[in-house]
Amino acid sequence: VEKSIPSFITLENGGSLMIQGIHFNSAYKSYGDAQSAIVTSKTKMLQHYVLKVENCEFYNFNESSYACIKASKGSLADSIVVDHCIFRNMSGNGIDLSSERDDKGMYNAEKVIVRNTVFYNMLASAMNVYRGGNDESTTGPAVTIDHCLFNDVDNREQGCVIKLLGVQYARIINSSFYLSGQGGSSIMFQELRWDNIKVDHCNFYKSGRIQSFRTQLIGKNNTNIP
């Protein structure tokens, strides 16, 4: 058995990337696991980057510390776009943008868009976006989740399907949560009063609650239909 590798693809300073039609299988036969599919460099990236991932599939990332798409500390994306993808059968996280933990207003992506994507049979979170501190000189991150399905995702005790902590703009719309976040939350916000956040036209069936400080972010068109 070979040793694990940090990632299939590493984005270095000055690089941007568009990926289409790739299957990322972390645990293939007797080869060592890949801890991530796509990561940014562990050395500080001085230039912003763009990442677009379309029609890709991610599976068998079978350690809780693994993540399919992961941003390292000191990296900032102008945009990360995930479209028509599948994340399935894993113990790790789907999209992890939570490495800036100094709480100085830093974050890993200005704009995050996930649409037409399925997250299925995952022990950990589908998405984790973090911005700590209350520095008012920045306006991000901005997160849009549109036409996505979350099926059997993070049903651990106090688990959470989507974590958006400190996000200043968020739209979670036209999406379905099915048997997900049952031990905790479907969506967890940690917002300030001026943040522009809305969850609407979503269906929550046997799934966890929306956790936030303000109830007005929850639209009037959400349902709970089998």
**OP:** Specify the residue with the greatest mean-square fluctuation among Gly208, Gly133, Gly74, computed from a Gaussian network of the chain linking alpha-carbon atoms under 10 Å apart.
**Re:** Gly133
Original post:
Cys160's amide H: which non-local residues (gap 5+, or another chain) put their own amide H closer than 5 Å, with H modeled 1.01 Å from N in plane and none for Pro or chain starts?
Top reply: Ser185
Original post:
In bins 5 Å wide, starting from 0, what share of all Cα pairs of segment 106-149 does each bin hold, as a percent?
Top reply: 5, 17, 25, 20, 17, 9, 6, 1
Original post:
Of the GluC sites (Glu not before Pro) in segment 1-90, which ones lie in a loop per DSSP and count no more than 13 other C-beta atoms within 10 Å?
Top reply: Glu2, Glu12
Original post:
Among residues other than Asn128 whose Cβ falls under 13 Å from its Cβ, what is the net charge (Lys/Arg +1, Asp/Glu -1)?
Top reply: +1
Original post:
Roughly how many percent of the accessible protein surface of the chain is carbon and sulfur, given a 1.4 Å probe and a whole-percent answer?
Top reply: 48
**OP:** Please work out the Cα center distance from segment 179-203 to segment 78-110, rounded to the nearest Å.
**Re:** 16
**OP:** Identify which of Asp146, Asp33, Asp103 has the largest mean-square fluctuation in a Gaussian network model of the chain, with springs joining Cα atoms closer than 10 Å.
**Re:** Asp103
Subject >> Placed amide H near Lys111: partners under 5 Å, 5+ positions off or other chain >> reply: Ser79, Ile80, Ala142
**OP:** Just flag the trypsin sites (Lys or Arg not before Pro) in segment 46-100 sitting in loop per DSSP whose Cβ has no more than 16 other Cβ atoms within 10 Å.
**Re:** Lys73
Subject >> For segment 15-25, 3J(HN,Hα) per residue [Karplus equation, 6.51 cos²θ - 1.76 cosθ + 1.60, θ = phi - 60°, Hz, x = Gly/Pro] >> reply: x, 10, 8, 10, 10, 9, x, 10, 9, 9, 10
Subject >> Solvent exposure of segment 127-226 as accessible area per residue, Å², 1.4 Å probe >> reply: 48
Subject >> Accessible area per residue in Å² at 1.4 Å probe, computed on segment 1-114 >> reply: 49
**OP:** Evaluate 2.2 N^0.38 Å with N set to the residue count of segment 37-163, then give the Cα radius of gyration divided by it.
**Re:** 1.01
**OP:** Could you work out the local net charge near Val114, counting Lys and Arg as +1, Asp and Glu as -1, over the other residues with Cβ closer than 14 Å to its Cβ?
**Re:** +1
Original post:
Taking segment 25-100, which chymotrypsin sites (Phe, Trp or Tyr not before Pro) meet the DSSP loop condition and have no more than 12 other C-beta atoms within 10 Å?
Top reply: Tyr28
Original post:
Can you list the lysines whose alpha carbon sits under 22 Å from that of Lys163, skipping same-chain ones fewer than 8 residues off?
Top reply: Lys52, Lys70, Lys73, Lys104, Lys111, Lys198, Lys206, Lys220
Original post:
In what order, largest first, do Arg156, Arg209, Arg171, Arg193 sit by accessible area if the probe radius is 1.4 Å?
Top reply: Arg193, Arg209, Arg156, Arg171
Original post:
Given (1) 110; (2) 172; (3) 131, which label gives volume of the Cα convex hull per residue in Å³ as computed from the coordinates?
Top reply: (1)
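The values are calculated or read from the model by the stated rules, or taken from the named source; none is laboratory data. Treat the numbers as computed from the prediction; the structure is a model and nothing was measured. Neighbour counts run over all protein chains shown; Cβ positions are idealised from the backbone, glycine included. All accessible areas refer to the heavy atoms of the entire protein, side chains included, with ligands and DNA or RNA removed. Shrake-Rupley method; radii C 1.70, N 1.55, O 1.52, S 1.80 Å.
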